[in-house]
Amino acid sequence: MLTGRPEPAIVVNALGRRFGARWVLRGVSLEVRGGEVVGLLGPNGSGKSTVLRIVATLLKPSAGTASVNGLDVKRDSSGVRGQVGYLAHTPGLYDDLTARENLLFAADMLGLPRSSADGILERVGLGHVAGDRVRGFSAGMQRRLAFARLTLRNPKVLLLDEPYANLDADGVELMNSMITDVVRGGGAALVALHELAPAKAVLHHNLRLADGRIETPAASRAGHAPTARNSEVG
Amino acid sequence: MAWREDWRRVRAIARKDLTTELRGKAGFNAVVSLGVTILVLLGLALGPDAEALRNAAVGAVWLATLFSAVLAFNRSFQVELESGALESLLQYPGPRWTIYAGKLLGNLIFVTLMVVIVVAVGVVLFGVRIPDTWPTLIGILALGIAGLVVLGTFYASMASRSRAREVLLPLLLFPMLVPLLLAAATASKALLGADLMHEASAWIRLLVAYDLVFLIATFLVFEHVIEA
Amino acid sequence: MPASTPSNDPGPAPPPRTSLWLGLVSVSALVAAQTHAILTSPPDADMGHLQKIMYVHVPAAWMTFISFFVVLVFSVRYLWRRRENDDLLAASAAEVGATFNGLTLMLGMIWGRPAWGVWWAWDARLTSTLVLFLIFVGYLALRAFVDDTDQRARWSAAVGVIGAINVPIVYMSVTWWRTLHQPPSSPATLDAAYTLGLRLNAIALLLVLIYFIRKRYEIARLERATEHAAEAVAMGGS
């Protein structure tokens, strides 16, 4: 555990979220400190994406609070957006634009010089398809492009939803190296996964989400068989 | 310099929307074809008497425009929903109104291109005699398109994300367009009939006021609507 | 401005109890006003006793406008403060307003048939009222097709504000549209002999409107209270 950092990068407290009558999250509490990569495990439908989306300010909490580097997701949502880089399960790219055009659009929206887009494509191994429309890309290529777009923003906190899906071994390595880059700079990452394997190299520890709550207390370490118990709900 | 960045965002969104729609070509062609088809059906239903058709021309063109524009508006948000791009769009820093302005600009250009074709076809099919006052007619058309695009984009930002987008958008939009339709149609008919010019000018003032009121009102309210 | 979200609301303030007394008083007032008007007003020169339908039709139209205004006010309040109760009240006013709107239309048509000879003559006022009815319907349809309560509240409020702004514009444009080519076909002014009856009925109908809106709001609050209770159960661990 790192010490000396005044504010944990991500703080989630008794988070609740419902969709219609169904409560997907029922009191999730967790913390991610600067320099940490924390995995969030759980079966499909357990609410991992929902947690990430709330921290990314895409959804509002129905109950509880969440904050990033001291900024509350409800009150300071635009401040939070400036800090986080969210990689969704669906790539969120424009199919009829080329890879390069997608990045140029991102650069325009971020207020960055357009030249920053070019180098990134090479780095993620998509330099050779820069002028091709995203519609023809494989799922793995789309994920790389989405991650490239993510790094344009230089995020301090990464929120990654199943980032290894559809990636080959090279892709996994690329993803991990980019996560490490962010974290080495003092950033943090919360990664939703449904299996540990690809992320083992970078994860500091993991949490398990089930039935809308965290099963494993945040203090346990990866590889250490945790005793499952329900956390106290606020 | 913030406004320069904002303007850059607005242009980027408009450019992206237009590139996506026009590159696909299928989208634009389909929307225009629908407009033309509606004109043909109206011509068949209301004609073949030349005088009757000439009287119905303005109404027919506007109806064809309204129904095809609804398609265009839904499509402009559908592109964001298809691969979850809206979420990415909402993640960028900067004020939300730039998203609205960008969409407006894109839709404005798209619908204007569409209307040019629909009007041309309508003039031919319905035997419209072009009067000397045709520049004013174009002005009325432009004002009408502006109001249509403002309210259409506004309602589409919600309807396209609801459970029943095909019916909800027209249901929300069309009653709201009544003053615009009345103004544009009545003024156009007056000018086509070489009638009292001052009648048309009152309607034109109403159109301008209508466009301004809803442009400002929707801008003020949009940020509440775009959040997921 | 800091907005308090529904989840931060001190939720369980008890829903308002609409007093039965208000209901009884309003209905009695309406019956009394109607009886008075029907019995004491002289038959109209042109319409005869058909004129008496005005005593419901005109106040119902006024109630429609008042409902729109309530929707506007509480929609703006919701966007300002994000307090869920404001959304529920706006929605209640919209439902009741739509009902009064429908009533106005029906009565207008019933009056129109003997007066004009047709069920519908694109009269300026009735046409405007019909367009307003469609605006109400749009608002209610939006609420029906959006499931997320926060999103539904925000979107309804936005649509409510924009729709309400259009009310005077619709009236103005439709009236222009008619007066340019034909003289107005429905009597714009009523003889002084009818004014008292009209005012009495308007007041009575206003009481009925308030009662209906409060009642509908009470039901909406009860529904939300049930949902909040379910929230407490879901969050409290079972």
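The values are calculated or read from the model by the stated rules, or taken from the named source; none is laboratory data. None of these values were measured; they are calculated from a predicted model. Don't worry about glycine lacking a Cβ; one is built from the backbone with ideal geometry, like all the others, and counts go over all protein chains shown.
If B:K25 passes every condition in (1) at pLDDT 95 or above; (2) on the phi > 0 side of the Ramachandran plot but one, which one does it miss? B:K25 satisfies every listed condition except (1). Taking the conditions (1) surrounded by 20 or more Cβ atoms within 10 Å (Cβ to Cβ); (2) not in a helix (DSSP H, G or I) in turn, B:G35 satisfies each one other than (2). So, B:I204, is that one within 11 Å of chain C (Cβ to nearest Cβ) and surrounded by fewer than 22 Cβ atoms within 10 Å (Cβ to Cβ) or not? Spelling it out, it is not the case that B:I204 is within 11 Å of chain C (Cβ to nearest Cβ) and surrounded by fewer than 22 Cβ atoms within 10 Å (Cβ to Cβ).
State yes or no: is A:F19 crowded, with 21+ Cβ neighbours inside 10 Å, free of Cβ contacts under 8 Å to residues at least 12 places away in the same chain and out of contact with any Cys (no Cβ under 6 Å at 6 or more places or on another chain)? Spelling it out, it is not the case that A:F19 is crowded, with 21+ Cβ neighbours inside 10 Å, free of Cβ contacts under 8 Å to residues at least 12 places away in the same chain and out of contact with any Cys (no Cβ under 6 Å at 6 or more places or on another chain). Scanning the stretch A:28-76 for residues that are among the charged types (D, E, K, R), under 19 Å from A:V183 (Cβ atoms) and crowded, with 21+ Cβ neighbours inside 10 Å returns a single hit, A:E36.
The residue that is farthest from the other protein chains (Cβ to nearest Cβ), among those in the stretch A:124-134 that are in a helix (DSSP H, G or I) and surrounded by 16 or more Cβ atoms within 10 Å (Cβ to Cβ), is A:V129.
Go through the stretch C:124-148 residue by residue and tally those that are in a helix (DSSP H, G or I) and either more than 24 Å from C:F212 (Cβ to Cβ) or of a type in the set (S, T, Y) (or both).
Within the stretch C:124-148, the subset in a helix (DSSP H, G or I) is C:124-145.
After this cut, where a residue has to be either more than 24 Å from C:F212 (Cβ to Cβ) or of a type in the set (S, T, Y) (or both) as well, the list is C:124, C:127-129, C:139, C:145.
Total meeting the criteria: 6.
Working only within the stretch B:70-118, note down all residues that are among the small types (G, A, S) and touching a Phe, Trp or Tyr at 6+ places or on another chain (Cβ under 9 Å). Give the steps one after another, and end with the answer.
Of the stretch B:70-118, the ones among the small types (G, A, S) are B:72, B:76, B:83-85, B:88, B:94, B:101-102, B:106.
Matches in the stretch B:70-118: B:A72, B:S76, B:S83, B:A85, B:S88, B:A101.
Scanning the stretch A:86-105 for residues being touching a strand residue (DSSP E or B) at 6+ places or on another chain (Cβ under 6 Å) and of a type in the set (S, T, N, Q) gives a total of 1. Looking across B:A64, B:A30, B:A12, one residue alone is assigned to a helix (DSSP H, G or I), within 12 Å of another protein chain (Cβ to nearest Cβ) and either on the phi > 0 side of the Ramachandran plot or in contact (Cβ under 8 Å) with a residue 40 or more places away in the chain (or both). It is B:A12.
Mind checking which residues of the stretch C:31-62 are aliphatic (A, V, I, L, M), more than 18 Å from C:M109 (Cβ to Cβ) and in a helix (DSSP H, G or I)? If the condition is that a residue be aliphatic (A, V, I, L, M), more than 18 Å from C:M109 (Cβ to Cβ) and in a helix (DSSP H, G or I), then C:V31, C:A32, C:A33, C:A37, C:I38, C:L39 are the ones that fit.
Each row is one residue, and each column tells you yes or no for (1) touching an Asp or Glu at 6+ places or on another chain (Cβ under 8 Å); (2) more than 8 Å from chain B (Cβ to nearest Cβ); (3) surrounded by fewer than 19 Cβ atoms within 10 Å (Cβ to Cβ).
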site	(1), (2), (3)
A:S78	no, no, yes
A:A88	yes, no, no
A:R100	yes, yes, no
A:A107	no, yes, no
A:L112	no, yes, yes
A:S116	no, yes, yes
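Checked against (1) farther than 13 Å from B:F214 by Cβ; (2) touching a residue at least 60 places away in the same chain (Cβ under 8 Å); (3) facing chain C (nearest Cβ under 8 Å); (4) not small (G, A, S), B:L171 passes all but condition (2).
Against the condition closer than 24 Å to C:L50 by Cβ, away from chain B (no Cβ under 14 Å), out of contact with any Leu (no Cβ under 8 Å at 6 or more places or on another chain) and modelled with pLDDT of 95 or more, how does C:G102 come out, does it pass? Let's see the steps before the verdict.
On the way: closer than 24 Å to C:L50 by Cβ: yes; away from chain B (no Cβ under 14 Å): yes; out of contact with any Leu (no Cβ under 8 Å at 6 or more places or on another chain): yes; modelled with pLDDT of 95 or more: yes.
So C:G102 passes the test.
Residues are listed down the side, and each one gets a yes or a no for (1) part of a helix (DSSP H, G or I); (2) touching a residue at least 40 places away in the same chain (Cβ under 8 Å); (3) not aliphatic (A, V, I, L, M):
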position	(1), (2), (3)
C:L72	yes, yes, no
C:S75	yes, yes, yes
C:Y78	yes, yes, yes
C:A90	yes, yes, no
C:E95	yes, yes, yes
C:L103	yes, yes, no
C:R113	yes, no, yes
C:W119	no, no, yes
C:W122	no, yes, yes
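Which residue, of A:V202, A:V172, A:V191, is assigned to a strand (DSSP E or B) and either modelled with pLDDT of 85 or more or within 15 Å of the chain's Cα centre (by Cα) (or both)? Give the steps one after another, and end with the answer.
On the way: A:V202 fails: assigned to a strand (DSSP E or B); A:V172 fails: assigned to a strand (DSSP E or B).
Matching residue, one of A:V202, A:V172, A:V191: A:V191.
Residues in the stretch C:132-179 that are among the polar types (S, T, N, Q), without any contact (Cβ under 8 Å) to a residue 60 or more places away in the chain, more than 7 Å from chain B (Cβ to nearest Cβ) and closer than 22 Å to B:H224 by Cα: 1 in all. Each residue in the stretch A:115-134 was checked for being modelled with pLDDT under 90, within 20 Å of B:G84 (Cβ to Cβ) and among the basic types (K, R), and 0 pass.
Among the numbered conditions (1) within 11 Å of chain C (Cβ to nearest Cβ); (2) crowded, with 21+ Cβ neighbours inside 10 Å, tell me where B:L143 comes up short. The number of the failed condition is (1). Scanning the stretch B:70-115 for residues that are more than 10 Å from chain A (Cβ to nearest Cβ), without any contact (Cβ under 8 Å) to a residue 60 or more places away in the chain and either hydroxyl-bearing (S, T, Y) or in contact with a Cys (Cβ under 9 Å, 6 or more places away or on another chain) (or both) turns up just one, B:T112.
Can you give me the ranges of the strands (runs of 3 or more DSSP E) entirely in the stretch A:19-74 with at least 3 residues that are more than 22 Å from A:P198 (Cβ to Cβ) and either within 14 Å of chain C (Cβ to nearest Cβ) or in contact with a helix residue (DSSP H, G or I) (Cβ under 9 Å, 6 or more places away or on another chain) (or both)? Walk me through how you get there before you give the answer.
On the way: elements: A:22-32, A:37-41, A:63-68.
The qualifying strands (runs of 3 or more DSSP E) are A:22-32, A:63-68.
Screening B:V119 on (1) buried (at least 18 other Cβ atoms within 10 Å of the Cβ); (2) modelled with pLDDT under 95; (3) away from chain A (no Cβ under 14 Å); (4) within 25 Å of B:K25 (Cα to Cα) shows it passes everything except condition (2).
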